[in-house]
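To start, the structure under review is shown below, and the notes come after it.
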Amino acid sequence: MKEYYSYKLQVSKDEGLHVRLAGRLYQQYVVDAFSYDIKKKNYFGTCLGVMYFVEFQKRGHDRATIEITSHKQKKEVEDEEAVDEINAYFDGRYICASEASYRIFGFPIHHRSISVVRLSFHLLGEKSCTFTENETLEKVVRCEKFKHSQLESFFILNRSDPNARQYTYDQIPQHYVWNETDRIRTIRKKVKQIGRLLYTYHSAGELWYLRLLLSNIRGPTSFEALKTINGVQYRTF
């Protein structure tokens, strides 16, 4: 990637009327997912051809939007309304031979087996909440008191459903559905999901150890239950 951009910068003087819209040259240029636009203008007698090349590494095939107009209308072309990029994507997309054959014979192009749901967790009394700037602190505390987090609903589920106690926190989405509106979990009846706990660094201390316990202990009913081993409740995780 570095050699490519070094070469392009060296030969840019021979490219004629090429304008590269990419900003400064820095480390982002060597990232595969970086994208840039190339605006190329060619004059054919009294006609002006404007070609926009948009390249996205790892985002499908390269595409080009070509627009030809008279030289007298050059200023009008630059002052036109914004291009409908969504329709331009579908109209200008390129399909290779392999993809075309798959579509002709009706082979599956895309497939997803099981979705992954992210599970949040927090220490006791440190769950996140949302509120508007006009709400008072008392109102926020009163409202959030009855809104259970995903982790708190996991504890409540284990206290009310003995069947749920055989699963760890990340296994719960395979058997129970999280209802965002009612903030409760119900038995899953359709396609399963895979649960994954949000990542945290070991420097987070207690939060890091809480994540380890949730990944290994089955059926905890509270934060205190996670701290209890052989009937002895410890002060920290």
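Filter the stretch 107-125 for residues that are within 27 Å of the chain's Cα centre (by Cα) and of a type in the set (F, W, Y) and give the result.
Residues of the stretch 107-125 that are within 27 Å of the chain's Cα centre (by Cα), as a first pass: 108-123.
F121, the sole residue that qualifies.
Across the stretch 126-174, which residue is nearest to the chain's Cα centre (by Cα) among those that are aromatic (F, W, Y) and not in a loop (DSSP other than H, G, I, E, B)? Among them, the one singled out is Y169.
Report whether or not S149 is assigned by TED's automatic domain parsing to the domain that holds L210 and touching a Lys or Arg at 6+ places or on another chain (Cβ under 6 Å). It would help to see each step written out before you state the result.
Working: assigned by TED's automatic domain parsing to the domain that holds L210: yes; touching a Lys or Arg at 6+ places or on another chain (Cβ under 6 Å): yes.
Against the criterion (assigned by TED's automatic domain parsing to the domain that holds L210 and touching a Lys or Arg at 6+ places or on another chain (Cβ under 6 Å)), S149 qualifies.
Yes/no matrix, rows are residues, columns are (1) surrounded by 15 or more Cβ atoms within 10 Å (Cβ to Cβ); (2) modelled with pLDDT of 90 or more; (3) touching a helix residue (DSSP H, G or I) at 6+ places or on another chain (Cβ under 7 Å); (4) not in a strand (DSSP E or B):
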{"residue": "D182", "(1), (2), (3), (4)": "no, no, no, yes"}
{"residue": "K190", "(1), (2), (3), (4)": "no, no, no, yes"}
{"residue": "S203", "(1), (2), (3), (4)": "no, no, no, yes"}
{"residue": "P220", "(1), (2), (3), (4)": "yes, yes, yes, yes"}
{"residue": "A225", "(1), (2), (3), (4)": "yes, yes, no, yes"}
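Residues checked against (1) free of Cβ contacts under 8 Å to residues at least 60 places away in the same chain; (2) outside the structural domain of T221 (by TED's automatic domain parsing); (3) in contact with a strand residue (DSSP E or B) (Cβ under 8 Å, 6 or more places away or on another chain); (4) on the phi < 0 side of the Ramachandran plot:
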residue: E126; (1), (2), (3), (4): yes, no, no, yes
residue: T136; (1), (2), (3), (4): yes, no, no, yes
residue: D161; (1), (2), (3), (4): yes, no, no, yes
residue: Y167; (1), (2), (3), (4): yes, no, no, yes
residue: I187; (1), (2), (3), (4): yes, no, yes, yes
residue: K190; (1), (2), (3), (4): yes, no, no, yes
residue: L198; (1), (2), (3), (4): no, no, yes, yes
residue: A204; (1), (2), (3), (4): yes, no, no, yes
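Could you tell me which of the residues I156, I229 is β-branched (V, I, T), closer than 28 Å to S115 by Cα and in the same structural domain as F121 (by TED's automatic domain parsing)? That would be I156, the only listed residue that is β-branched (V, I, T), closer than 28 Å to S115 by Cα and in the same structural domain as F121 (by TED's automatic domain parsing). Please work out if V177 is among the hydrophobic types (A, V, I, L, M, F, W, C), touching a strand residue (DSSP E or B) at 6+ places or on another chain (Cβ under 9 Å) and either surrounded by 14 or more Cβ atoms within 10 Å (Cβ to Cβ) or not in a loop (DSSP other than H, G, I, E, B) (or both). Considered against the rule, which asks whether it is among the hydrophobic types (A, V, I, L, M, F, W, C), touching a strand residue (DSSP E or B) at 6+ places or on another chain (Cβ under 9 Å) and either surrounded by 14 or more Cβ atoms within 10 Å (Cβ to Cβ) or not in a loop (DSSP other than H, G, I, E, B) (or both), V177 comes out as yes.
Among the residues making up the stretch 114-142, those that are closer than 30 Å to K227 by Cα, among the hydrophobic types (A, V, I, L, M, F, W, C) and modelled with pLDDT under 85 are C129, V140, V141. Return yes when R103 is charged (D, E, K, R), in a helix (DSSP H, G or I) and either in the same structural domain as I172 (by TED's automatic domain parsing) or exposed (fewer than 14 other Cβ atoms within 10 Å of the Cβ) (or both) and no when it is not. Yes.
The values are calculated or read from the model by the stated rules, or taken from the named source; none is laboratory data. All figures in this text were calculated on a predicted structure; none of them were measured in a lab. Cβ: placed from backbone, ideal geometry, glycine included. Neighbour counts: every protein chain shown.
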